[in-house]
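K.L.:
Could you have a look at this structure, given as structure tokens, before my questions?
Quick note: the coordinates plus some simple rules give every number you see, no bench work behind them. Treat the numbers as computed from the prediction; the structure is a model and nothing was measured. Here the Cβ positions follow ideal geometry from the backbone for every residue, glycine too, while neighbour counts run over all protein chains shown.
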Amino acid sequence: MNKKIAHTETELLVIFKQDGNDEKYFSKFLAYYKVSFNELLEDHKNWTDDDFDEGDSVQASALWSANDFIQKYIGFIEKGHGEEWSHQMAHSLEGGERAVYFVHSDLEAINPELAKKELLLYTKALCGDEYFKKYYLLLFEVQADPNGRIETAQNYSRIFKEQVAKGKSEIYAHHYADYMADGTYNEIYCEEYAFAFDKAINEKKSEVYARIYANKYASALIDIKARFGISDDEEMIDFAIEKVNGYMKAWEYVEVVN
């Protein structure tokens, strides 16, 4: 048996139908098989039949690859995704969240609106609540790391709702959950940042001011509160807050002058 002879189209159609696939997807399956076979043939062009393991061949590997692709492709199509997204997801060498990240990134570079539409559809299928969905989508705008996005969005949703249940404002809850969600930041920093941001907004400050103030405030207080033995030193805390307030007064003055 020659282990480098492609299946005929007739043979492939029989196999395809025997696997219970809808014939309307056969052309996609066939095209993928041909590409896979040619790539594998090039990789094994110097091999003899004896070089292959028992039961293995270029055509068997190409068939497995095409079957794997078409099952994934059909799965995405049946969930409502378009051909481009479905093809790229099924073809991706990455798995899970990494595949979503890279396929979305590539599609966004050529068709931002389509990328947004496909990502929204994918997000809805994850069955999270409204806070999960909103934050999951946000991560594609602000976070470069392709890993752990689902878990981070789940954490955000849970923490946000916990804070609101405790009587915190939605502004506080959002920023606290935002910083706590991926486990990167110290809880003290998250608490102080959320407090300061909420305070600034309630004082009718701009979001730019609030971000700068919250970062300065949280950074100053964690330097004190996270140190063993002086976490309750009110004098040091008050002094640190005054320094932050002084910095923000100077910042506002420069903003007005400019």
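K.L.:
Mean separation of Cα pairs under 8 Å and 6+ residues apart, divided by the residue count of the range 186-258: what relative contact order is that in percent?
P.N.:
Over the range 186-258, the number comes to 28 percent.
K.L.:
Starting at 0 and stepping by 5 Å, how many percent of the alpha carbon pairs of the chain end up in each bin?
P.N.:
Result returned by the calculation: 1, 5, 10, 11, 11, 10, 9, 8, 7, 6, 5, 5, 5, 4, 3, 1, 0, 0.
K.L.:
Cα atoms only, the range 1-90: Rg and Dmax in Å?
P.N.:
14.1, 45
K.L.:
Follow-up. Tell me, what is the FRET efficiency for H91 and A144 to the nearest 0.05, using R0 = 30 angstrom and their Cβ-Cβ distance as r?
P.N.:
Given R0 = 30 Å and the Cβ-Cβ separation, E is 0.85.
K.L.:
Hey, what did the range 31-142 get for relative contact order, percent, Cα under 8 Å, at least 6 apart? Write out the running numbers ahead of the final one.
P.N.:
Values: 62 pairs, mean separation 19.3, N = 112.
After rounding, I find 17 percent.
K.L.:
List the lysines whose Cα lies under 30 Å from the Cα of K168, skipping any in the same chain that are fewer than 8 positions away.
P.N.:
Those lysines meeting the cut-off are K124, K133, K134, K199, K204, K205, K216, K225, K243, K249.
K.L.:
May I pose another question? Can you give me the C-alpha center-to-center distance between the range 68-110 and the range 1-39, rounded to a whole angstrom?
P.N.:
Comparing the Cα centres of the range 68-110 and the range 1-39, I get a distance of 21 Å.
K.L.:
Then there is this: In deg cm²/dmol, rounded to 500, what helix-only [θ] at 222 nm does the chain give when every DSSP H run of at least 4 residues adds -39500 (n - 2.57) and the total is split over its residues?
P.N.:
-24000 deg cm²/dmol
K.L.:
Follow-up. Taking only C-alpha pairs under 8 Å that are 6+ residues apart, what is the relative contact order of the chain in percent?
P.N.:
So the answer I get is 9 percent.
K.L.:
Mind putting together the pair-distance distribution for the range 186-258? All Cα pairs, 5 Å bins, whole percent per bin, short to long.
P.N.:
3, 17, 24, 25, 16, 9, 4, 1, 0
K.L.:
Any idea which of A109, V256, N186 is furthest toward the positive side of the dipole for the chain, if Lys and Arg beta-carbons carry +1 and Asp and Glu beta-carbons -1?
P.N.:
V256
K.L.:
Between N202 and N215, how many nm apart are label points set 7 Å from Cα along the C-beta direction?
P.N.:
Result for the modelled spin labels: 2.4 nm.
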